[in-house]
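One structure is given here, and the rest of the page talks about it.
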Amino acid sequence: MEITPGEQDVVSLFHALQHSGTDKEAYLRTLSKALRNPSAQLTFIKLENSMHLLVGLLTGSDARCRLQAVRCLHELSHSPHTSMASACLPATPYLLTYLSGQSTKFTELCLYTLGNICPDSEVVKERLLAQGIIPALASCIQNQTHNLAVVEAAGFTLFQLLQTKDAVQKVIPMVLASSLPSQLLSVLTPDPEFGLAPAIECAWCLHSLTSSTVDHRELLAQGALTQCSSLLVSLGGAVVDGNTDQGVELLVCPLLRCVGNLLSSCPVEALSSQLGDVHLVAALCELVFAFLHSFPALARETAWVLNNLTAHSTELCSALLTFNLAPRLMELLPFSQGINTMILRVLANVAHKKKEFCIRLAELGLLSALAATLKMANQDMVTLSLEVLFMMIVSSPQIAEQFVRQAHTHLGNSGTFLVTRPNTRTFNIK
């Protein structure tokens with residue numbers, strides 16, 4: 001079998017490490033570079049006692065050799081070969097132990113190595129759980145809250161663990177029973193000097209928790225809805241001021257999903273106290289417009305959350321009118337990609353809440369907007385428009401008369417409307 005130069009280098013370095021004295025650090029540094037080659041990675045783990053040697057250097061007394069040994073393990077953890085995760089198992093107890101101390105770079109490498117190997121093997125995941133990876137991560141974040149590079153790495157590792165098979169049954173209950181949710185929330189606000197990365201990792205972890213559990217009462221009790229909503233208000237304000245960081249959409253997306261998912265478990269009577277600020281509806285409107293052309297899918301998700309909020313809360317529907325947001329939302333009704341449907345659901349929620357809201361929407365021009373949406377080819381938009389129109393015209397004789405006059409203007413005398421009574425559902429989607 002032909003041996004590539006990279007593979008031969010690995011063999012030579014392995015033998016050199018077995019017999020060298022003071023040069024181990026230099027050999028390890030060279031080995032970590034050689035292990036970037038996938039074929040060299042396979043060659044190394046097939047060498048007898050190769051992992052035993054590496055673990056011995058990882059746990060030795062020389063701090064410089066320990067750092068280079070974990071670099072080698074980190075390179076192995078990047079391997080595309082499925083056998084590599086299991087090959088790294090002898091090192092996992094020590095990688096977990098080292099999360100409680102050592103240098104920042106060393107701890108980061110331990111975390112990223114663990115994060116890289118845990119999704120690839122059920123055996124590895126089960127072993128890591130048994131070895132205490134959940135309490136180890138919780139302790140690491142608690143002790144390193146000031147060190148955002150480590151927090152980012154810990155968030156990455158936790159997210160990888162939350163994506164594994166059977167995480168809903170085996171991982172998430174352990175996470176919820178630990179201090180991790182409160183710690184994730186505590187580091188959710190971005191640091192202006194360090195950047196968004198740690199907050200992004202933690203937000204995606206929270207998203208995994210809110211997406212995978214039916215009952216979110218524990219997260220609500222720890223202030224998850226309040227914290228995520230508050231941060232969205234801040235980000236919406238930054239959008240208005242033009243002070244958004246690059247990649248802000250990577251933070252907005254999981255925050256939106258967290259809020260949308262948490263609403264399903266939040267009692268209506270507790271919503272005001274959980275949200276804390278009716279300005280959330282204004283922030284969400286700003287985010288819809290900010291992402292409308294650059295990230296239309298994210299604009300739709302923002303409208304989804306706005307829909308769920310207005311479906312739950314009369315107070316937020318009132319805020320939408322008080323802040324004069326309805327006319328801006330009506331501007332989006334001609335927009336496609338599902339955004340117009342979601343926006344019309346929001347307006348439907350407002351109309352559904354109070355007769356006075358219907359009258360105000362009519363004054364702001366919703367009837368004219370509906371006359372336009374009724375002519376759309378999109379059947380969902382037409383059906384929903386009819387439902388909203390029904391709510392509007394039964395709320396006030398004046399609105400009915402106004403619509404008849406506008407119908408003659410927009411559709412002519414030949415237009416015939418078949419209006420059916422909408423069912424009693426709220427426009428709350430998941």
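Summary of computed values
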item: Spatially proximal lysines relative to K105 (Cα-Cα < 26 Å; intrachain offsets below 8 disregarded); result: K24, K33, K125
item: Cα Rg over Rh - the chain, Kirkwood; result: 1.14
item: Percentage, to the nearest whole number, of Cα pairs in segment 5-88 over 14 Å apart; result: 57
item: R345 accessible area, 1.4 Å probe, all protein chains in place, Å² to nearest 10; result: 60
item: With all protein chains modelled, accessible area of E401 [1.4 Å, Å²]; result: 110
item: Accessible area in the full protein assembly, largest first, 1.4 Å probe, for K33, K125, K170; result: K33, K170, K125
item: Estimated translational D of segment 247-339 in µm²/s (Stokes, Kirkwood radius over Cα pairs; 37 °C; 0.692 mPa s); result: 243
item: Rotationally averaged projected area of segment 204-282 (alpha carbon convex hull; nm²); result: 5.1
item: 26 Å Cα-Cα reach of K355 towards lysines, excluding residues that sit fewer than 8 places from it in its own chain; result: K375
item: Distance in nm between pseudo-label sites at D241 and S336 (7 Å out along the Cβ direction from Cα); result: 3.8
item: Residue-wise HN-Hα coupling along segment 265-274, computed from phi with Karplus coefficients 6.51, -1.76, 1.60 (Hz; x: Gly, Pro); result: 10, 8, x, 4, 5, 9, 4, 4, 5, 6
item: Residue-level accessible surface for L53, protein heavy atoms, 1.4 Å, Å²; result: 40
item: Residue with peak Gaussian network fluctuation, the chain [Cα springs, cutoff 10 Å], from L176, L111, L256; result: L176
item: Between segment 165-197 and segment 109-151, the Cα center-to-center distance that results, in Å; result: 12
item: Scattering curve values for segment 156-243, log₁₀ I(q)/I(0), Debye with Cα scatterers, q = 0.13, 0.17, 0.23 Å⁻¹; result: -0.45, -0.72, -1.17
item: 3J(HN,Hα) from dihedral phi, segment 341-358, Karplus parametrisation 6.51/-1.76/1.60, rounded to Hz, x for glycine, proline; result: 4, 5, 5, 5, 5, 4, 5, 5, 4, 5, 5, 5, 6, 8, 4, 4, 5, 4
item: Within the chain, helix-based [θ] at 222 nm, where runs of 4 or more DSSP H residues each add -39,500 (n - 2.57), nearest 500; result: -21000 deg cm²/dmol
item: Theoretical FRET efficiency, 1/(1+(r/R0)^6), r = Cβ-Cβ of Q131 and S212, R0 35 Å, to 0.05; result: 0.95
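The values are calculated or read from the model by the stated rules, or taken from the named source; none is laboratory data. All values reported here derive from a predicted model rather than from experimental measurement. Using ideal geometry, Cβ is built from the backbone for each residue, glycine included, and neighbour counts are taken over all protein chains shown. For the accessible areas, the whole protein counts, side chains as well, though only heavy atoms, and no ligand, DNA or RNA atoms are used. Shrake-Rupley method; radii C 1.70, N 1.55, O 1.52, S 1.80 Å.
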